[in-house]
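Q: Below is the structure I would like to discuss, written out as structure tokens.
The values are calculated or read from the model by the stated rules, or taken from the named source; none is laboratory data. This structure is a prediction, so every number in the text was calculated from the model and none was measured. Ideal geometry is used to build each Cβ from the backbone, glycine not excepted, and the neighbour counts take in all protein chains shown. Protein only, heavy atoms only, side chains kept; ligands, DNA and RNA dropped before computing areas. Shrake-Rupley method; radii C 1.70, N 1.55, O 1.52, S 1.80 Å.
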Amino acid sequence: MGDVFLRIENLTKKFGNFTALRDISLEVFEGEFVCFLGPSGCGKTTLLRAIAGLDIQTQGGITQAGRDISVLPPSERDFGIVFQSYALFPNLTVEKNVAYGLESRRARRDETSSRVNELLTLVDLVDQRVKYPSQLSGGQQQRVALARALATSPGLLLLDEPLSALDAKVRTHLRQEIKQLQKRLAVTTIMVTHDQEEALTMADRIVVMNHGVIEQIGTPEEIYAAPASEFVAEFIGTMNFINAAVSGASECAHQGGALQISDNSIESNRAVRLAIRPEDVRLLSVSGSDQPNQTSGQVISVEYLGAFIRVTIQPAGWQEPLLVDASTDLANELEISAGGTVNLSLPAEKILIYQEDS
Amino acid sequence: MATTAVQVGKGSGVLKSKSSSDDRVMRLFILVIGGYLVIALALPLYAMFSKSVFNSDGSFVGLSNYFSYFQTPALVYSIKNSLFVGIITTLITVTIAFILAYGFTRSRMRGKPLFKTIAMIPILVPSLLPGIALIYLFGRQGVINWALFGNEIYGPIGIIISEVFFTLPHALIIIITGLSIADARLYEAATALRASRIRIFFTVTLPGVRYGLISAAFVVFTLAVTDFGAPKVIGGDFNVLATDIYKQVIGQQNFEMGAVVSVVLLIPAALAFFVDRLVQKKQVALLSARAVALEPKPDRRFDNIMLTYAIIVSIFILGILGMCQFAALFKFFPYNLSLGLTNYQFDLMDGGGWNSYFNSIEMASYTAIFGTIIVFYGAYLVEKGKGFGVIRGAVQFLAMLPMAVPGMVLGLAYIFFFNAPSNPLNVLYHTMAILVISTITHFYTVSHLTATTALKQMDAQFESVAASLKQPFYRTFLRVTVPVCTPAILDISIYLFVNAMTTVSAVVFLYSPHTTLASVAVLNMDDAGDIAPAAAMGMMIFYTAAGVKVLHYLLSRGIESRTQAWRISVAN
Ligand SMILES: Nc1ncnc2c1ncn2[C@@H]1O[C@H](COP(=O)(O)OP(=O)(O)OP(=O)(O)O)[C@@H](O)[C@H]1O
Ligand SMILES: [Mg+2]
């Protein structure tokens, strides 16, 4: 990983009595693509606006490229920004929009126009250059906004939900495009989103936020495989939760019986929440094999999701049903159908443990 | 470097953004605009209030002026008269306007654009004009004075008819807006339930338009109570507050008593203003509820009734106007009916002659140009400025205030403030500048609201994007804000021009022999008994205002077609 490009230290933002961000600290590396991910109202936009200087933090410091920018106005910082609304100037053509940041820099006219050309080529809009924003599709408008933000070669690119106004298909396509563009230009980028799929597919690292604090920072793999908190576990992907209490070394008891876990360090009688992803639960062809944490249950429903199926199973005596993912082949082999019975196991090493009040 | 950031962060105080040069320039400008409003509005009003608690020798007398006011029955009687005129006018105007607006929005009658245009005509004439027409129609030698059954047109009847004419377009605009936000789905539901037209009217239409009606009522009431033109021309011995101020100041040179009456007149106007603001907010809430526009269904009988009604209202308006034009063109109506232009020889009469007409055009042009710049830029700074919250709030408040200040009160306040020997600004007294300043201030609020609405419709992030691109704010202002807001800017300038042409109330205290105005000339010629020339001058004002309106229409059309390519996006 490169050098630290942006450092946020102990940043707090209050709106009157309401604390929108609480003691946020964070580092972003040079050339990195970071996503702020979290539910609506968790403070993502607030943090982004503080980085841009559009809404200055109540306390805390921000350093960009070694320069303390904590209290600088936006015009003295170095960033390009794309808003959810794109904020394209309606009365200027595509090329005038893109050139907006270039013109007054005393650049020669032909330099400006070749730079505009370059940018429009980059976002594949050369043939739309003389159109007005209202004559473009949403996806095209989004790309114009991106080109305009990149025109001045800013050190930092800020994107606030840049894809959320688009329909699903365009969105998936643009994800790829933005990601590739970012890699090619190696511009340090922060994107705000509440769409976890977007964050997982695009980000080098994800900052998961909730109620104004950072819950976890990590690569998509880390966040998915090892959610640091119950909130992250629940927010990212699908997760089964089981309320239990530690009953011995590496063992928990819950309503439906006992479960082996991989952690033996937790004191007895402590209440925990166990979590396991649907794809980590194994469906078994025969019972009594040497798999740990075995149980059997009744199939409540089967949902086809293309390459795999999602089965809802109610193990005997359990508080809540389990969601289990299996390949279509396996499901056929086991003849899984609603109303039938199936054997399953929960591999101990796949079970995540969250302690209450910690 | 990183360590300094930590130190900043660890500090317990609240961080403040270092202001950019843009921020500083914008703050300077908002101070300029704020300073303008303080000088042109706040200080004169203060001067007037303080005048009301001093006597003519300049010593403080507390409320004794007020006591003597309330002990003078003739003066107190005017309060009753003003309220009477206000209430009756409100009832009549709102009823007439509501039925007309109902026809425009709920029927498929023919000729809607024509009738709407006719209904807007009264905005283009001074409020003195209907009174003059009424003298010709119903005066002692009036053409149809039998229609009054022996009643006298001079007095409440004349005033009320004039005020109805004068306030009709204002009420109509508000009520049409109120009726247009109706949700078609409600009507479909009601029709599906087989509710009758009458039932739908009382259960859907009336509740939907209630805020519009209340708002219209308050606007009409304020206009009627504070108007000076109509009672001056046709009031006879029937005194109202606005004419009392004039008589106290111009007739008796009793400035202190004029100030007291002004304070009294401020009360109903200010009250109406605040209620109206309250109601407007509620109406906006109704509007945002994404209604489906209503498309009225044809109904032969109903459409014809509405058409007939619109024709009757139009005859009333055109009749008043036509009467003035006839009177102006005949040598001596109704005795000598030979045509001629003698009544247009204004230079032979009191009132400033043709000069006053050209002065008016000059004054209206300056008002439109400088007023639009000040108002639009002020609204922009209030809307888009950063920091400086208290000052921006104060400017916003001052911008809303003129709506609550009757023209007579403003004019008198200007005398007190600008004519004070100790005030260095008294060089402005009796100049064209003070007429322009008072007129801009008088009509500030509506212009400010128009500008604010247009600015609010723009994407709030334009300025953020421009800052990130390191563009100075004035560049974005000139290249984006102004072009996008051009329709609103044109509306403001035309509004200011037309009102500057027709206004009498504030300027009647402020003109000088070199700066007589057309509207004031109408008043003075009428006063001197030259009624036909007064009518002629009034019609000159009308033709000028109408001409400018047509020009505005053509200009807007031109701009619309030139900017059509990108305007679509602004709408959605
Ligand atoms: N100007 C403001 N004044 C008061 N509260 C604010 C202001 N701006 C944001 N907030 C509050 O701060 C919290 C965080 O807002 P923010 O816009 O950062 O959320 P977000 O994570 O971007 O959410 P979303 O996904 O909905 O955009 C919210 O509770 C919001 O109500
Ligand atoms: Mg947001």
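Q: Could you list, ordered by first residue, the pairs with Cβ atoms under 8 Å in which the first is in the stretch B:166-185 and outside any helix (DSSP H, G or I) and the second is at pLDDT 85 or above, at least 6 apart or interchain?
A: Going by the 8 Å Cβ cut-off, the qualifying pairs are B:182/B:105.
Q: A follow-up question, please. Can you tell which of B:526, B:491 is under 27 Å from residue B:135 (Cβ atoms), charged (D, E, K, R) and in a helix (DSSP H, G or I)?
A: That would be B:526, the only listed residue that is under 27 Å from residue B:135 (Cβ atoms), charged (D, E, K, R) and in a helix (DSSP H, G or I).
Q: Further, regarding this structure: Cβ-Cβ below 6 Å, separation at least six or inter-chain, first residue in the stretch A:16-39 and open to solvent by less than 20 Å² (accessible area, probe 1.4 Å), second of a type in the set (Phe, Trp, Tyr): which pairs?
A: A:28/A:5
Q: Identify all residues within the stretch B:377-403 that are basic (Lys, Arg) and within 12 Å of residue B:29 (Cα to Cα); write none if there are none. Lay out the reasoning, then the answer.
A: Keep residues of the stretch B:377-403 that are basic (Lys, Arg), which gives B:384, B:386, B:392.
Result: B:392, single match.
Q: Here is a further query. Return the only residue of A:124, A:160 being within 27 Å of residue A:30 (Cα to Cα), within 16 Å of ligand 2 (Cβ to nearest atom) and open to solvent by 10 Å² or more (accessible area, probe 1.4 Å).
A: Every option except A:160 fails the conditions.
Q: Could you look through the stretch A:25-50, keep only residues that are part of a loop (DSSP other than H, G, I, E, B) and in contact with a Lys or Arg (Cβ under 7 Å, 6 or more places away or on another chain), and pick out the one that is nearest to ligand 1 (Cβ to nearest atom)?
A: The qualifying residue nearest to ligand 1 (Cβ to nearest atom) is A:38.
Q: I'm trying to understand the selection: among the residues of the stretch A:85-100, which are of a type in the set (Gly, Ala, Ser) and either over 13 Å from residue B:459 (Cβ atoms) or more than 7 Å from chain B (Cβ to nearest Cβ) (or both)?
A: Answer for the stretch A:85-100, where residues must be of a type in the set (Gly, Ala, Ser) and either over 13 Å from residue B:459 (Cβ atoms) or more than 7 Å from chain B (Cβ to nearest Cβ) (or both): just A:99.
Q: Please find, among A:91, A:10, A:97, the residue that is more than 16 Å from ligand 1 (Cβ to nearest atom) and on the phi > 0 side of the Ramachandran plot. Full working, then the answer.
A: On the way: A:91 fails: on the phi > 0 side of the Ramachandran plot; A:97 fails: on the phi > 0 side of the Ramachandran plot.
None of the other options fit; the residue is A:10.
Q: When you look at residue B:365, is it surrounded by fewer than 18 Cβ atoms within 10 Å (Cβ to Cβ) and assigned to a helix (DSSP H, G or I), yes or no?
A: Values: surrounded by fewer than 18 Cβ atoms within 10 Å (Cβ to Cβ): yes; assigned to a helix (DSSP H, G or I): yes.
Criteria met by residue B:365.
Q: Tell me, yes or no, whether the stretch A:88-104 has at least one residue that is crowded, with 23+ Cβ neighbours inside 10 Å and within 16 Å of ligand 2 (Cβ to nearest atom).
A: No, the stretch A:88-104 has no match at all.
Q: Between a residue in the stretch B:451-468 that is within 16 Å of residue B:482 (Cβ to Cβ) and at the interface with chain A (Cβ under 7 Å from one of its Cβ atoms) and any residue that is open to solvent by 40 Å² or more (accessible area, probe 1.4 Å) and not in a helix (DSSP H, G or I), which pairs come within a Cβ distance under 9 Å, given they are 6 or more apart or on different chains?
A: Pairs found: B:459/A:85.
Q: Let me ask something else about it. Just to be sure before I move on: is residue A:194 more than 14 Å from chain B (Cβ to nearest Cβ), within 16 Å of ligand 1 (Cβ to nearest atom), in contact with an Asp or Glu (Cβ under 8 Å, 6 or more places away or on another chain) and in contact (Cβ under 8 Å) with a residue 12 or more places away in the chain in the structure I sent?
A: yes
Q: Which residue pairs have Cβ atoms under 6 Å apart, sit 6 or more places apart or on different chains, and have a first residue in the stretch B:470-483 that is within 7 Å of chain A (Cβ to nearest Cβ) and a second that is open to solvent by 30 Å² or more (accessible area, probe 1.4 Å)?
A: B:470/A:75
Q: Hey, another quick one. Among the residues of the stretch A:51-84, write down those that are more than 26 Å from residue A:144 (Cβ to Cβ), within 15 Å of ligand 1 (Cβ to nearest atom) and either more than 7 Å from every other protein chain (Cβ to nearest Cβ) or surrounded by fewer than 19 Cβ atoms within 10 Å (Cβ to Cβ) (or both).
A: A:58
Q: Does the stretch A:247-257 include one or more residues that are in contact (Cβ under 8 Å) with a residue 40 or more places away in the chain and among the aliphatic types (A, V, I, L, M)?
A: Checked the stretch A:247-257: no residue is in contact (Cβ under 8 Å) with a residue 40 or more places away in the chain and among the aliphatic types (A, V, I, L, M).
Q: Are any residues in the stretch B:460-474 open to solvent by 40 Å² or more (accessible area, probe 1.4 Å) and either among the polar types (S, T, N, Q) or assigned to a loop (DSSP other than H, G, I, E, B) (or both), and if so, which ones?
A: Answer for the stretch B:460-474, where residues must be open to solvent by 40 Å² or more (accessible area, probe 1.4 Å) and either among the polar types (S, T, N, Q) or assigned to a loop (DSSP other than H, G, I, E, B) (or both): B:460, B:461, B:470.
Q: Checking residue B:6 against (1) modelled with pLDDT under 85; (2) within 14 Å of chain A (Cβ to nearest Cβ); (3) open to solvent by 50 Å² or more (accessible area, probe 1.4 Å), which test does it fail?
A: (3)
Q: Mind checking which residues of the stretch B:50-65 are crowded, with 16+ Cβ neighbours inside 10 Å and in contact (Cβ under 8 Å) with a residue 40 or more places away in the chain?
A: Filtering the stretch B:50-65 down to residues crowded, with 16+ Cβ neighbours inside 10 Å leaves B:51-54, B:61, B:65.
Those that are crowded, with 16+ Cβ neighbours inside 10 Å and in contact (Cβ under 8 Å) with a residue 40 or more places away in the chain: B:51, B:52, B:54, B:65.
Q: Turning to a different aspect of this structure: Do you know which residues across the stretch B:320-339 are open to solvent by less than 30 Å² (accessible area, probe 1.4 Å) and under 12 Å from residue B:533 (Cβ atoms)?
A: B:324, B:327, B:328
Q: Among the helices (runs of 4 or more DSSP H) lying completely within the stretch B:69-147, list those that include at least 1 residues that are buried (at least 17 other Cβ atoms within 10 Å of the Cβ) and among the hydroxyl-bearing types (Ser, Thr, Tyr).
A: Those helices (runs of 4 or more DSSP H) span B:73-106, B:128-138.
Q: Which condition does residue B:552 not pass, out of (1) free of Cβ contacts under 8 Å to residues at least 40 places away in the same chain; (2) over 26 Å from residue B:225 (Cα atoms), if it passes all the others?
A: Of the numbered conditions (1) free of Cβ contacts under 8 Å to residues at least 40 places away in the same chain; (2) over 26 Å from residue B:225 (Cα atoms), the odd one out for residue B:552 is (1).
Q: Then there's this: Test residue A:153 against the criterion of being within 14 Å of chain B (Cβ to nearest Cβ) and either acidic (Asp, Glu) or open to solvent by 60 Å² or more (accessible area, probe 1.4 Å) (or both), and give yes or no.
A: yes
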